[in-house]
Every structure is written in structure tokens, then in C-alpha cells.
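Q: This is the structure I want to talk about, given as C-alpha cells.
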Amino acid sequence: MTLGNFELTILSDGIYMNDGGAMFGVIPKVMWEKRATPDERNRIPMGTNSLLVRTGEHNLLIDTGIGGKLSDKRRAIYDHEPRLLQSFAEAGVSPEEIDIVINTHLHFDHCGWNTYYKDGKPAPTFPRATYYVQEGELQHAHEQHERDRVSYMTDNYDPLVASGQMQLLNGDTEIAPGISVKVFPGHTRDLQAVILRSAGKVACYPSDLVPDTQHLEPMWVLGYDLFPLESIDNKHRFYDVAIPENWLVVFTHDAKMPWTYLDRNEKGLPVARAMDESSRNLQFK
Ligand SMILES: [Zn+2]
């Protein structure tokens, strides 16, 4: 898809299976199972949609999927086969061409391909890139709080911080012309969305603030969210701009619809706009 002068491509790290209850929090199962059918272990399929943005000057990758460093046990739990590098090959792009990587946050399913194991040691998958994350997110990852330490794998970021390849941000900022980040607390304290602007068009990757089309309503927030009330308030804030300004919204975890424009229904709730298949045209696995 083109966005002004930018070219946007979804690069998937494959589908994984995740607990439906954890994904829908306080929403009763009788309601969420109409949207996402769970398997016999109560898991639902989730996408891992990284976004490649080619601006002509920069090749930006937003989030890096689950990666290939999970233990066999965890890989079996999620039923995940890493495929991001295959998605790169299919798109005719090499990881060496990426010069900017933005991690919206440091949960393992958003920064897993930051590094890979080379001779048993973590090495950058994108050797020429500068990686960006919010400093507060890194601090929280280092706290290793019992609530969510299972979501943080140090090999995804600490080697990059140590080598100076990962830059730490403090709040909203522009990273390159037309590429900016905005912090939306809720899922974590320092989750950052990425906002892309080119020739009057805007796209946004809100990450786990709005992870997929099953979570469009402000009230439908993830069980994982550390600050669910802030998630709800920030989803309202996001829609109040994104809908009237006709932003393209890119979903990090939607297994079927990686992007769409939004409208409001008769109740005022956000809904995905019907788009024809060609405009969603993806090699999507
Ligand atoms: Zn997350």
C-alpha cells in the first residue's frame, strides 16, 4: 500500500496461539468467543504483523515479531514457527537494508527478531539499523516485576543497549521526517505508537493499544494491560483524532485484517471500514 510517498508492507512473523482469556480480560467468554473461536486449549490465533515503511530515504521496521530465540517449551505453548526472515525474502528486502527499527514496547512478541543467536550469542538481525524504544519501557523490563517478567527477554534488547545500537527515547518525538512516536500508557506505562505522515496522508501503528479488530471498542482491553483505565481513556483519545483525520490503522496482532480505516457505527463505536480485497492485497500467512 502507498501512503503519500511512503510504501507500506506488512511483514509477518507468522501466526501464534495465545490464551483467549488473557487477550480479553474482563470481557465474558460468551461475548469474545463470537469474534475469536478458541481451540481446545482456549487459545486463539494471533498475527505478528511488523510494518515495513520505505520512505525513499529510510527503510523503517516497526516491531520485530516473536523471533527464533524462544525455548522449545514456549514455542510449543504458542504453536509458533518464526517466519519474519522468510517474509523479508518474499518482499524482496534484506534485513541489511533496514536503517531504523522502532519497538513499540519490549514484550517478547514485539521485539523477538531484534536479535538472533549467532554461535549461541545474541547478534543484531538488522546490523545497520538504529533501534528505538522508550527509556521507561526498558526500565520496566529491567524491574522484572512478577506480574509480567515472563513477557521480557533480556537478549532482545540488552545487547543492543550495551553496544549503543538501541537509542532510548523520552516521550513523544520525531525520529525521521514523517516518522514520529507518541506514548499511549495503558498496556504498559511507556508503550509508544508510531505515526507516519506523508503528503497529507497519515497511518498509525498503535500496537497493543488497539492490537486487532476484535479490540476496537474502548472497553475491550487486554487482560495483560497494566493500566486498563488508561488504555480505555487513551483509546478514546486515539479515535478522536484517527477517525476524523482518516488515519490508516495498522494492527500488530490481527490474524486476518492487518490494516483498515475506521468509521463510527450508529452507537458511536469504532468499526473497520469495508475495504475491497485488492486494497488489502497481502501475501499473508
Ligand atoms: Zn504487549
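The values are calculated or read from the model by the stated rules, or taken from the named source; none is laboratory data. Values in this document were obtained by computation on a predicted structure and should not be read as measured data. We place every Cβ from the backbone using ideal geometry, glycine too, and count neighbours over all the protein chains shown. Heavy atoms of the whole protein, side chains included, go into the accessibility calculation; ligands, DNA and RNA do not. Shrake-Rupley method; radii C 1.70, N 1.55, O 1.52, S 1.80 Å.
Q: Inside the range 167-179, can you point out the residues that are on the phi < 0 side of the Ramachandran plot, without any contact (Cβ under 8 Å) to a residue 40 or more places away in the chain and surrounded by 12 or more Cβ atoms within 10 Å (Cβ to Cβ)?
A: Within the range 167-179, GLN167, LEU168, LEU169, ASP172, THR173 meet the criteria.
Q: Among the candidates LEU60, LEU85, which residue alone is within 16 Å of the chain's Cα centre (by Cα), under 22 Å from PRO127 (Cβ atoms) and not charged (D, E, K, R)?
A: LEU60
Q: Looking at VAL181, is it touching an Asp or Glu at 6+ places or on another chain (Cβ under 8 Å) and within 16 Å of the ligand (Cβ to nearest atom)?
A: yes
Q: Please determine, by comparing only the residues of the range 188-203 that are within 16 Å of the ligand (Cβ to nearest atom) and open to solvent by less than 10 Å² (accessible area, probe 1.4 Å), which one is nearest to ASN5 (Cα to Cα).
A: VAL194
Q: Can I ask one more? Pick out the one residue from ASP99, ASP79, ASP109 that is under 18 Å from ASP254 (Cα atoms), at pLDDT 95 or above and more than 16 Å from the ligand (Cβ to nearest atom).
A: ASP79
Q: Let me ask something else. Being without any contact (Cβ under 8 Å) to a residue 40 or more places away in the chain, over 27 Å from PRO45 (Cβ atoms) and open to solvent by 10 Å² or more (accessible area, probe 1.4 Å) narrows it down to one of PRO95, PRO122, PRO127, PRO159, so name that one.
A: Just a single option satisfies the conditions, and that option is PRO127.
Q: Answer yes if at least one residue in the range 45-66 is touching a residue at least 60 places away in the same chain (Cβ under 8 Å), exposed (fewer than 14 other Cβ atoms within 10 Å of the Cβ) and at negative phi, and no otherwise.
A: Yes, the conditions are met somewhere in the range 45-66.
Q: For the range 204-247, how many residues meet the condition of being within 16 Å of the ligand (Cβ to nearest atom) and among the polar types (S, T, N, Q)?
A: Number satisfying all stated conditions: 4.
Q: Just name the residue that is nearest to GLU96 (Cα to Cα) out of those in the range 130-147 that are of a type in the set (S, T, N, Q) and surrounded by fewer than 23 Cβ atoms within 10 Å (Cβ to Cβ).
A: Here the residue is THR130.
Q: State yes or no: is THR104 within 16 Å of the ligand (Cβ to nearest atom) and either touching a helix residue (DSSP H, G or I) at 6+ places or on another chain (Cβ under 6 Å) or more than 22 Å from GLY20 (Cα to Cα) (or both)?
A: The answer is yes for THR104.
Q: Could I ask something else about it? Could you please let me know if ALA176 is away from the ligand (no atom under 16 Å from the Cβ), under 18 Å from VAL101 (Cα atoms), touching an Asp or Glu at 6+ places or on another chain (Cβ under 8 Å) and small (Gly, Ala, Ser)?
A: yes
Q: Test LYS69 against the criterion of being away from the ligand (no atom under 16 Å from the Cβ), free of Cβ contacts under 8 Å to residues at least 12 places away in the same chain and not hydrophobic (A, V, I, L, M, F, W, C), and give yes or no.
A: no
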